[in-house]
Amino acid sequence: MNKETYAVDLSGLHAIYERNYACLIRLLPRMREDGYKRCFAFTAEQRIKTRLNFSIIENSPYTSYLLLKQDNLLVWLPSPELYIRCYHDAKLAEVVFAKNTRNFKGVYAYPNKAMHQPDEKKQLNQFVEEWLGRCLSSGYEVADTAIKI
């Protein structure tokens, strides 16, 4: 059985980066301010079930770094922490590293020691795209980020 190898779809990945940037600009209008933070909550049954916390970590003339952290109701499930680089001149936003992984490769051999999927980079950026869309459609801003979920 000959398994097909994964090939990066550069135009598809670039389109995800563009959509993520467009969403981030809408969600974080003051993205270029150091220390700027926003928190969006999602409810079910009149209770907050999860929150997404956005924090601007670093700004330079053409780029911003932000941390996207998801707070979960399930304490046994580790919360995703994704670091996103926004390129303001190109209007792109890409996940550059996660909690324990830096500089994702475009393609991974599978299986591998870290258990990355062959298209790990694409999956992480799609994950961010889905969360950003959810923030725009049904999330609401929480002023006090200390609210318990």
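The values are calculated or read from the model by the stated rules, or taken from the named source; none is laboratory data. Values in this document were obtained by computation on a predicted structure and should not be read as measured data. Reconstructed Cβ throughout: ideal geometry from the backbone, glycine too, with neighbour counts over all protein chains shown. Note: areas computed on protein heavy atoms with side chains; ligands, DNA, RNA excluded. Shrake-Rupley method; radii C 1.70, N 1.55, O 1.52, S 1.80 Å.
Can Y21 be described as in contact with an Asp or Glu (Cβ under 6 Å, 6 or more places away or on another chain) and of a type in the set (F, W, Y)? In short, no. Any residue at all in the range 126-140 that's modelled with pLDDT under 90, in a loop (DSSP other than H, G, I, E, B) and out of contact with any Pro (no Cβ under 7 Å at 6 or more places or on another chain)? Scanning the range 126-140, I find at least one residue that is modelled with pLDDT under 90, in a loop (DSSP other than H, G, I, E, B) and out of contact with any Pro (no Cβ under 7 Å at 6 or more places or on another chain), so the answer is yes. Checking each residue of the range 63-76 against the condition of being modelled with pLDDT of 85 or more, more than 14 Å from L28 (Cβ to Cβ), open to solvent by 30 Å² or more (accessible area, probe 1.4 Å) and aromatic (F, W, Y) gives no match.
All of I48, I16, I56 fail the test of being at pLDDT below 95, touching a Lys or Arg at 6+ places or on another chain (Cβ under 9 Å) and not polar (S, T, N, Q), apart from I48.
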